[in-house]
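Computed from the coordinates by the stated procedures, all read-outs in this text should not be read as laboratory data. Source: prediction; values computed, not measured. Because the Cβ atoms are built from the backbone with ideal geometry, glycine has one as well, and the counts that use them run over all protein chains shown.
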Amino acid sequence: MITRHIFRRALFCFCLALLMVLPGAMTAAAAGKSTVKLGYIGPLTGGNSSIGLGARNAMELAILERNGDAGAKYSYELVSLDDECKPNIGIQVATKMAADRSVLGAVAHYCSAVALGTVDVYHRFGLPVIVYGAVHPDITYAHDYPEVLRIIGTLVNQNQVASKFMLSQGYRRFAVISDTTDYGKSHKEYFTKYIKEGGGEILEEFGVTADQQDFTAELTRIKSLNPQVVYFAGLTPLGVRIRAQMEKLGIKAQFEGVSGIKSEAFITGLGAELAEGCLSFLEGSPLEKLAGGDAFMKNYSARNFKNPPDTMAPFTYVAANQIMDAVEKVGPDRKKIISYLRGIKDADSLIGKVTYDEHGQNSEPYVSKYVVQDGVWLVWEDSEYASGKRSLKK
Amino acid sequence: MDLILQFCMNGLMLGMMYALVAVGFTLFFGVLDVIVFSHGDTVMIGSFAGLAMYWWLGSYYPELAVFWMTLWVLLAAVAVVALLGMLTADAMIVPLRKGPPLNTLLATMMLGTVLRESIRLFFPDGSNPQTFPGLLPDWSWQSGNLNLRFDNIVLFCSGACIIALVHLVINRTRLGMAIRAVAQDEEAAQLMGVNFRFIVLATFALGSSVAAFAGVMNGMYYNEINFGVGLLLGAIGFSSAVIGGLGNVYGAILGGFIFAFLQTIGVVVMPFASAYKDVFAFGAVILLMAWRPTGLIAEPASKRV
Amino acid sequence: MRRMAVFFSGPAGCVFLALIILGWSNFFLRAEEQFPILVYMLLVVFLGFVANLLHLDDSFRASVAGHERLWDLCLIIVMAALIWLFREDHYNLFLLGSIMAYSIAVLGLNVQLGYAGVINFSCASFFGIGSYTAALLMTRAGIPPLPGLVAGGVVAALIGCVLLLPVLRTSGHYAALVTMAFALLLRVFLDVSEWFGGPQGITVQPMSLFGLDFSRNIVFGETELSFYLKYDAAFLLLLCLAFSLVRRVERSWIGLALDAVRSDETASACFGVNIMRWKITAFTLGNFLSGTAGAMYAMMLAYISPANFTFADSLLFLSILLLGGIGNIRGVLLATVFVVLIPEKFQVIQEYRYLIYSALVLLMIVFRPMGLLPRRPRVYSGGRA
């Protein structure tokens, strides 16, 4: 009986001791090259996760390649966090990353609402961050934070190019559907502005929520207005639904999307037949046109990631490499990294030339035009549509 | 005129979809007095099960006639989802009835998340929208702004048949009698020799099968399915069931169509403010509830004190 | 052994338990890697098991029940100590702040659902109304933060009054629908309405009190303390106020009336309890608390947008209450820690985190259907409620 009591007491004390000792044992020792941590923040769960996961994998690829390079002075480690595309979670994880002094730079954010909230955090803690996918103009232009750079163009450029292109194709009557997120809303704002300036006519604008399933009511109304083009500002899932339902209602108008629908998923979701002839616009030069594009795709698939690269992967890949270049050149110091990144001019990369202006915005405003032909997104200039073999809907 | 007809067609299709989901909510509520919040995700699982079956058939029996293909897709969806429903009932909902009633709600909500995330992570390319085959011939008849499609009419009619069938099962069969008995008074029914566990499982199989049908119908109607539709569809199905009056199949149907009507009318009447249509629809729901606190077709309000 | 049990059922039990909680939270908050996080979580299960083996759980329970004031004091000290331990760690202070903000909101929900039995599925909406009120009053009308904080609560309570008629007329699942519709409606409304900042949200000015700017770090010579420390201190104060308010309501005759209304409306109406009045009181008080918490949270976050206040967030608040044990305000605190911290710590498993988290909650509900710390029945004799 007594032994049992002693045993119990010993067990109890042992647990307490374990509780106190554990954290000491947990601190891992680093060895070899000094390790530098780089951060990634993007949506890893929820509706936008396919893009966030692809982008994360691309960053991991960049880091793996750099670590395999014997010439690199540091070894790199990826810290990736999920912002769920929710601003409060975004601020939470951004605080975590930025306050951690061992993280030297980050590539972050697909959703503009999150990026708008977190730029203050990065500024406060002085963490250099390159925004890879959020396109709202205010993210770079509403402040003078040296820490915040953006590799993707703003949606202003994109819509300038898009509206000019559409008008030059002879389209005049547009019906506009946009989702009520900041992404859809700001796209709609700039697109309608440029179309009106160019002499086009916006027949009607519809706002839809980002999880809406049924668009038949809006589309029936659009059908009665008989537009030449249905312009949709939003992301792939909604784009797929709207295009599919247009067909169901027999709407013969041309479908035009924004960068949010330029993904493989748009075509697999619709099938090649329905996707045929859909238009989209995306910042940066097309991957297959540039040196290294094929190699990137090959390396990506060689790593057997669970998810396809999706649209934003090249941007994160380039951004991650820029930060690592900075670390190699100026050493692990946040301030110096910022000034190095700010000085990037005319740099060749996977997405074309990169130059950061005084707001940290990549000011090479090249926007590529894409059209779906036989189940692939083709650059407009290479497509049979441009050569006149096929024609868009009128 | 043709425009109004087109709006009606859309509204009817949408209403049928909501009604099918709402019927499940109302059945479960009738028998066990619980709200199964994962029901919307069950619908989503139904469409994915159907799609998987279609893929499998496509690779092994590409020559199969469309009719048989459709039948197998439906069967697969129903089988998977009915099994899932029974499992949910047996492992979670019945044991949880001992705790506070809201627990079931939380538990089924979490189950919904588990289902959703599982499809996203483990279905091939599940995080992206998937094409769902149309299966039915796409004949259509065009007149002005009206576009009548053969497949839509077939889907609508079969939806109506399914609801009628559920109604028959509940009102005309021995099983239905037992279900109604359990719904009325669980203990008394058990005293009369009704096997409670069996009835619960049967009800969940029935309700979930309807959900599976709704899932396949959803896929065939929109030609697109994705993992995230469950939460909103569940919320709308629940709203429809409650507007109509819980525990009443007619109420569920009525609620489904009312909700579809509210959503469509928002766009028709106020195209300039179409973004506000959900504000309008849900506002109307709140007003409706203030006017008829126990739904349009009220439960018999006998309360034992 | 018996002596040990007796010893721990005295005041020592409270102190000992508080120390354990302090130690564990300290280490758990610092854990970053997959393995230690798992170990710490298993440790909780293990410690519980050991305490059960040694029959110490009963002593602790008795100790906590017998020395309520001491126990509350211990909890406050634990929280304060945690805040102080992490004084330079922005991130963990931020987490603690969020935990306290959520706790206050859920305390409000507890008054509604736990005491009066008024179902509210739109807790996050009232939380959000508080946030938006404070943010708009401060940026558009230039009102100082402290009145803004109070206004957040008041406006939330007032807007709640609009819902009173449908909420009072309905009950059970029907009331759930009304509040759910409100939650969905408000989110869409905030999203599409330009005046409220639209989907890209609005920046909120920081709290400042008597010339003390909450958004600056505290500098003492060499050491620099995080500015979140001030927010956490303010939150702790608010939490103590809210806690004692709710506790007092529960122990007073108001709490008795609310209990009566919840358990049997017909019977309590027969005994002359005015059901309407108590439901209105509970609903309004609850919304006031949620709104105040939201206003403060917005100031700490410095940026709010409609995506923070969705129906899913309302369900999150509800799940905190259910996990903690409906009606038990200490359980609320425990469950908030769980619901806020676990998904955050699960960041290490990346895209699988929500899958695992939901499965975990599911298991908890199945194994502890009454919540982690169920509310005990009222004791009417002996002067303690």
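Given R0 = 22 Å, the distance between the Cβ atoms of C:Phe49 and C:Leu363 translates into a calculated FRET efficiency of 0.85.
Which of A:Glu247, A:Glu276, A:Glu77 moves most in a GNM of chain A, Cα contacts under 10 Å? Residue with maximal mean-square fluctuation among A:Glu247, A:Glu276, A:Glu77: A:Glu247. Ranked by the mean number of other Cβ atoms within 10 Å per residue, highest first, peptides A:198-204, B:273-279, C:27-33 order as B:273-279, C:27-33, A:198-204.
Calculated FRET efficiency, B:Leu75 to C:Ile356, Cβ-Cβ distance, R0 = 25 Å: about 0.15 to the nearest 0.05. If you wrap the Cα atoms of region C:1-85 in a convex hull and average its projected area over all directions, you get 5.7 nm². Using a cut-off of under 19 Å, list every residue of region C:42-86 whose amide N is near the label point 7 Å from the Cα of C:Ala12 along the Cα-to-beta-carbon line. Within reach of a label on C:Ala12: C:51-68, C:70-71, C:74.
Just checking the listed ones, C:Leu372, C:Leu209, C:Leu17: in the Gaussian network model of chain C with Cα springs under 10 Å, the one fluctuating most is C:Leu209.
Couplings 3J(HN,Hα) of region A:298-312, computed from phi: 5, 5, 4, 6, 5, 7, 6, 5, 6, 10, x, x, 6, 5, 8 Hz, in residue order, whole Hz [Karplus 6.51 cos²θ - 1.76 cosθ + 1.60, θ = phi - 60°; x for Gly and Pro]. Within the same chain, aspartates and glutamates fewer than 8 places from A:Lys33 are excluded, and of the rest, those with a Cα less than 13 Å from its Cα are A:Asp69, A:Glu77, A:Glu328. Shielding value for B:218-231 is 5, the average number of Cβ atoms from other chains within 10 Å of each residue's Cβ. Under a GNM of chain B (C-alpha, springs under 10 Å), which listed residue has the highest mean-square fluctuation: B:Gly134, B:Gly15, B:Gly40? Maximum fluctuation in the GNM of chain B, among the listed residues, is at B:Gly134.
Ranked by the mean number of other Cβ atoms within 10 Å of their residues, highest first, the peptides C:237-245, B:178-186 fall in the order B:178-186, C:237-245. Can you give the translational diffusion coefficient of chain C in µm²/s, computed by Stokes-Einstein from the Kirkwood radius over Cα pairs at 4 °C and 1.567 mPa s? In µm²/s, the coefficient rounds to 59.
Cα centroid separation, region C:1-71 to region B:261-285: 54 Å. Taking every residue in B:258-270 and counting other chain Cβ atoms within 10 Å of its Cβ, the average works out to 2. Both the radius of gyration and Dmax for region A:145-250 are 14.6, 51 Å, in that order, over alpha-carbon atoms. Assuming charge only on the beta carbon of Lys and Arg (+1) and of Asp and Glu (-1), the dipole of the protein assembly as shown about its Cα centre is about 2720 debye to the nearest 20. Think of the protein assembly as shown as a dipole: +1 on every Lys or Arg Cβ, -1 on every Asp or Glu Cβ, centred on the Cα centre; then among A:Phe215, B:Leu84, A:Val79, B:Leu84 lies furthest on the positive end.
The simple Förster model, with R0 at 35 Å and r as the Cβ-Cβ distance, assigns A:Lys393 and B:Val268 a FRET efficiency of 0.85. Going through the cross-link list A:Lys353/B:Lys277; A:Lys96/B:Lys277; A:Lys329/C:Lys345; A:Lys298/A:Lys329, which pairs have a Cα-Cα distance over 32 Å in this structure? Among A:Lys353/B:Lys277; A:Lys96/B:Lys277; A:Lys329/C:Lys345; A:Lys298/A:Lys329, the Cα-Cα distance tops 32 Å for A:Lys353/B:Lys277; A:Lys96/B:Lys277; A:Lys329/C:Lys345. The phi-based Karplus calculation (6.51 cos²θ - 1.76 cosθ + 1.60; θ = phi - 60°) puts the 3J(HN,Hα) values of region B:182-195 at 4, 4, 6, 7, 4, 5, 4, 4, 5, 5, 7, x, 7, 7 Hz, whole numbers, x for Gly and Pro.
For chain A, the fraction of C-alpha pairs more than 28 angstrom apart is 49%. Put simply, the amide H of A:Leu392, placed in the peptide plane, has no neighbours under 5 Å, leaving out anything fewer than 5 places away on its chain.
Beyond 18 Å, the tail of the calculated P(r) for region C:316-385 holds 43 percent of the Cα pairs. Shielding value for C:63-76 is 0, the average number of Cβ atoms from other chains within 10 Å of each residue's Cβ. Using every pair of separate Cα atoms, the Kirkwood estimate puts the hydrodynamic radius of region C:233-370 at 17.4 angstrom. Entry note: the protein assembly as shown has Rg to Rh equal to 0.96, where both radii use alpha-carbon atoms and Rh is the Kirkwood radius.
Normalised by 2.2 N^0.38 Å, where N is the number of residues, the C-alpha radius of gyration of chain B stands at 1.01.
Across all Cα pairs in region C:115-236, the calculated P(r) in 5 Å bins from zero up to the longest distance comes to 2, 10, 16, 18, 15, 13, 11, 8, 4, 2, 1, 0, 0 percent per bin.
Quick one: which of B:143-151, A:384-392 comes out on top by average Cβ neighbours within 10 Å, and what's the full order, highest first?
On the way: B:143-151: 16.6, A:384-392: 12.7.
Ranking, from highest mean packing down: B:143-151, A:384-392.
Taken as Cα centroids, region A:258-294 and region B:204-253 sit 34 Å apart, rounded to the nearest whole angstrom.
Its Cα centre serving as origin, region B:74-150 has a Cβ charge dipole (Lys and Arg +1, Asp and Glu -1) of approximately 240 debye. Annotation: lysines with alpha-carbon distance below 20 angstrom to A:Lys252 (same-chain offsets under eight excluded): A:Lys223, A:Lys389, A:Lys393, A:Lys394. The overall shape of region A:80-205 is prolate: from the C-alpha gyration tensor, with semi-axes ordered a ≥ b ≥ c, the ratio a/c is 1.5 or greater and a/b exceeds b/c.
Reported to the nearest whole Å, the Cα centre-to-centre distance from region C:91-154 to region B:167-188 is 46. For a paramagnetic label modelled at 7 Å from the Cα of C:Ser171 toward its Cβ, which residues of region C:240-274 fall within the zone defined by backbone nitrogen distances under 20 Å? Inside the label zone: C:255-274. Hey, quick one: spin label on C:Leu209, modelled 7 Å out along Cα-Cβ, who in region C:132-166 has an amide N within reach, i.e. under 11 Å? Under 11 Å, as judged by backbone N against the label point of C:Leu209, lie C:146 of region C:132-166. Taking label positions 7 Å along the Cα-Cβ direction at both B:Glu63 and A:Ala386, the computed distance is 4.6 nm, reported to one decimal.
Amide H to amide H distances under 5 Å link A:Ala233 with A:Ile177, A:Ser178, A:Asp179, where only residues 5 or more positions off or on other chains count and H is placed in the peptide plane. Straight-line reach from C:Lys279: taking Cα to Cα under 25 Å and skipping same-chain neighbours fewer than 8 places apart, the lysines in range are B:Lys303. Is region B:137-183 best put as rounded, prolate or oblate by its Cα gyration tensor, with a ≥ b ≥ c the root eigenvalues, rounded for a/c under 1.5, and otherwise prolate when a/b is larger than b/c, oblate when not? Judged from the Cα gyration tensor, region B:137-183 comes out prolate (a/c at least 1.5, a/b above b/c).
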